[in-house]
Amino acid sequence: MIASVQPRSSAAPGEQVTVVGENFPGSPVEIRWNGLQGPLLGTGNGPSFSIAVTVPDEVPGLYLLTALSRQPGGQVGDTARASFQVQGAAGQAAAAPAAQPSPPAAEPGRTGVLVGGAVGVFAAGALAVLLFTRLRRPSG
């Protein structure tokens, strides 16, 4: 499952972004705000989708956009997520992220990752940890 938020992974409340994905089942796809149980922002159909959504009126901070497929009978199938930054006044990012919901213990179906700005942040952090660990290792 490959998906992205376009044109960017941050916007102010009321602005529109598009969630794009592929390799979902050929079933209905929902875009939900901040988790599987969050408010429904838009719908489409798999296996490929492009769904325009409006950023909810939330305080500035970090949230989740969740794409999920619905199986016959309404069960959740495949899921994918992207971090999304709600901007404050004049397009400024918040100083502190909004509270994040705890991830569920287990989710049905396969779970993919929505590709957004968080991938680069994760890679940079992993590299920093690796370098720090190697620098602290005593020679000998």
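For region 61-73, backbone phi angles converted through the Karplus equation (6.51, -1.76, 1.60; θ = phi - 60°) give residue-by-residue couplings of x, 9, 9, 10, 9, 10, 9, 9, 9, 10, 7, x, x Hz, Gly and Pro being listed as x. Compared with the alpha-carbon gap, the fully stretched path from Ala52 to Gln16 is longer by 12.3 nm at 0.36 nm per residue.
FYI, it's all coordinate maths here, none of it is from the lab. The shown structure was predicted, so the numbers you read here are calculated from the model rather than taken from an experiment.
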